[in-house]
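Notes to accompany the following structure.
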Amino acid sequence: MKRTFLLLSLLALSISLSSFDYYMPAPVATIQDGPSTFEIGSALKQALQQGTAKSADKLSALNGFFGDAEVKILFPPEAKDAEQALRDVGLNDLCDKVILSLNRAAENATKDAKPIFIAAIKKMTLKDVSNILLGPKDAATQYFRANTTAQLTAQFKTVIQASLNKVGATKYWGAAAKEYNKIPFVKHMNPDISDYATQKTIDGLFIKIAQEELNIRQNIGARSTPLMQKVFSFAEKATGNSN
């Protein structure tokens, strides 16, 4: 029954709002003792901003990528044989510098992620809100993948390339490719690493966003505002997912 009330409330909001804004007067629709439709939209925005900001902050810190085995960027899978061959001929230091510089570039690029996510949040429709609040545990992450990947790729690639140059990744990767390509009868390495580094940076960012989303959904203590606590607790009861 509460799920029905929640859906009716979201429908009422769709009639009165084309988009959400924290500074708009709140609609009066409520769900018995539950949150108003305006509170639902506002709480979800707060949760999304919190989750994306925390993810970006974690990964953009020193060793955000390099010190986290889950997102650490290594040699591309197709270059694993090349890495091993380079290490076998005593070029361990060069390989280590490649890996460190790739991760430093990712950490540097992630600093620019938050404005992209904020823009995506502002464009959310009521259908997006409903799908995220009542959807699977990674519904918000799926929304961001669908709505920010193209922009992240376009913006990150420029930043990643600059970062690769700044931290020496271009130089080290180029040196590694040059040394490996000297080995007879091997398939040559591509000296351009920017596309790979860009994709791995975005992949790592979404891994952390999914973790933050799950934490907010499952952990009451992760809901940093009274409004988030009210709406997500109600959503748990409405969907039968309460802990």
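The values are calculated or read from the model by the stated rules, or taken from the named source; none is laboratory data. Please read these numbers as outputs of a predicted model, since none were measured by experiment. Note that we place each Cβ from the backbone using ideal geometry, even for glycine, and neighbour counts take in every protein chain shown.
Select from the stretch 184-196 the residues that are farther than 28 Å from Leu152 by Cα and either modelled with pLDDT under 75 or within 34 Å of the chain's Cα centre (by Cα) (or both) and list them in ascending order.
Phe185, Val186, Lys187, His188
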* **First in the stretch 157-186 and without any contact (Cβ under 8 Å) to a residue 12 or more places away in the chain, second anywhere and buried (at least 21 other Cβ atoms within 10 Å of the Cβ) and not in a helix (DSSP H, G or I), Cβ under 8 Å, 6 or more apart** => Asn181/Met189
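With a cut-off of at least 3 residues that are at pLDDT 85 or above and surrounded by fewer than 18 Cβ atoms within 10 Å (Cβ to Cβ), name the helices (runs of 4 or more DSSP H) lying wholly within the stretch 66-175.
Filter on the stretch 66-175 gives 80-88, 92-110, 114-122, 139-167.
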* Structure fact -> Pairing a residue in the stretch 201-220 that is over 14 Å from Ala53 (Cβ atoms) with any residue that is of a type in the set (Gly, Ala, Ser) and modelled with pLDDT of 90 or more, where Cβ atoms lie under 6 Å and the two sit 6 or more apart in sequence or on different chains, gives Thr201/Ala106
* **Matching residues, the stretch 48-63, being buried (at least 22 other Cβ atoms within 10 Å of the Cβ) and in contact with an Asp or Glu (Cβ under 8 Å, 6 or more places away or on another chain)** => Gly51, Thr52, Ser55, Leu59
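Let's see how each residue does on (1) of a type outside the set (Phe, Trp, Tyr); (2) crowded, with 22+ Cβ neighbours inside 10 Å; (3) under 24 Å from Ala146 (Cβ atoms):
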{"position": "Glu179", "(1), (2), (3)": "yes, no, no"}
{"position": "Tyr196", "(1), (2), (3)": "no, no, yes"}
{"position": "Ile207", "(1), (2), (3)": "yes, no, yes"}
{"position": "Leu214", "(1), (2), (3)": "yes, no, yes"}
{"position": "Met228", "(1), (2), (3)": "yes, no, yes"}
* To do: Can you run down the residue pairs with Cβ atoms below 6 Å, 6 or more apart or on separate chains, where the first is in the stretch 93-122 and under 10 Å from Leu59 (Cα atoms) and the partner is in a helix (DSSP H, G or I) and among the aromatic types (Phe, Trp, Tyr)?
  => Ala109/Phe156
* Asked: Could you list, in sequence order, the residues of the stretch 77-122 that are among the basic types (Lys, Arg) and touching a helix residue (DSSP H, G or I) at 6+ places or on another chain (Cβ under 9 Å)?
  -> Arg87, Lys97, Arg104, Lys111, Lys114, Lys122
